[in-house]
Amino acid sequence: MADTITPVDAAVHPVPAITGDNEFFWTAASEGRLVAQRCTGCGLLRHPPAVACPACHCLDHAVVELSGRGEVYSYALLHHPRSPRFQYPVAAVLVDLEEGVRVASNLVDVDPAAVRIGLAVEVAFERTDDDDLAVPVFRPQVGTAPAKGDAR
């Protein structure tokens with residue numbers, strides 16, 4: 001059975017669960033910046049946000065801005081469960097960023113058939129139900145994959 005894609009004017013993501021430990025991340029995302037923690041004890045760059053460094057258990061960290069550029073490490077095309085918020089299939093990706101951090105997100109603005117491991121991507125931000133918040137997503141870097149609806 002062929003999969004049908006229901007168009008949605010604009011994806012609106014659910015509001016993320018914000019805590020004292022990850023508030024800096026969501027604030028930066030709402031400003032259009034992708035950030036991670038760098039341990040002040042051993043220098044490990046880490047994501048997702050955590051209370052302690054997994055390498056040295058240091059509780060102190062600095063927040064550093066990331067380039068937002070990387071490549072798809074792995075992906076899955078999700079067909080279920082369906083939500084009117086998204087176009088299907090949803091491309092769920094693990095992205096290896098240039099700085100060495102791996103991030104889980106969605107890949108947007110791409111034909112699902114063009115998603116592949118090694119695809120060069122860059123961060124973008126989509127709004128949530130709370131217009132003051134944004135969620136980082138990724139899209140192909142210019143010239144790397146056919147866009148949705150492209151006849152290539």
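General observations
Table: residues versus (1) under 16 Å from the mean Cα position of the chain (by Cα); (2) of a type in the set (A, V, I, L, M); (3) over 11 Å from LEU133 (Cβ atoms); (4) crowded, with 17+ Cβ neighbours inside 10 Å.
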| position | (1), (2), (3), (4) |
| --- | --- |
| HIS13 | yes, no, no, yes |
| PRO16 | yes, no, no, no |
| GLY20 | no, no, yes, no |
| THR27 | yes, no, no, no |
| GLU31 | yes, no, no, no |
| VAL35 | yes, yes, yes, yes |
| CYS39 | no, no, yes, yes |
| GLY43 | no, no, yes, no |
| VAL51 | no, yes, yes, no |
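- In segment 102-127, residue farthest from ARG46 (Cα to Cα) [restricted to those that are surrounded by fewer than 19 Cβ atoms within 10 Å (Cβ to Cβ) and in contact with a His (Cβ under 8 Å, 6 or more places away or on another chain)]: ARG127
- Strands (runs of 3 or more DSSP E) wholly inside segment 61-150 that include at least 2 residues being among the small types (Gly, Ala, Ser): 69-78, 90-97, 102-107, 120-127
Readers should treat all values here as calculations from the given coordinates under stated rules, not as data from a laboratory. Please read these numbers as outputs of a predicted model, since none were measured by experiment. For neighbour counting, all protein chains shown are included, and Cβ atoms are generated from backbone atoms with ideal geometry for every residue, glycine included.
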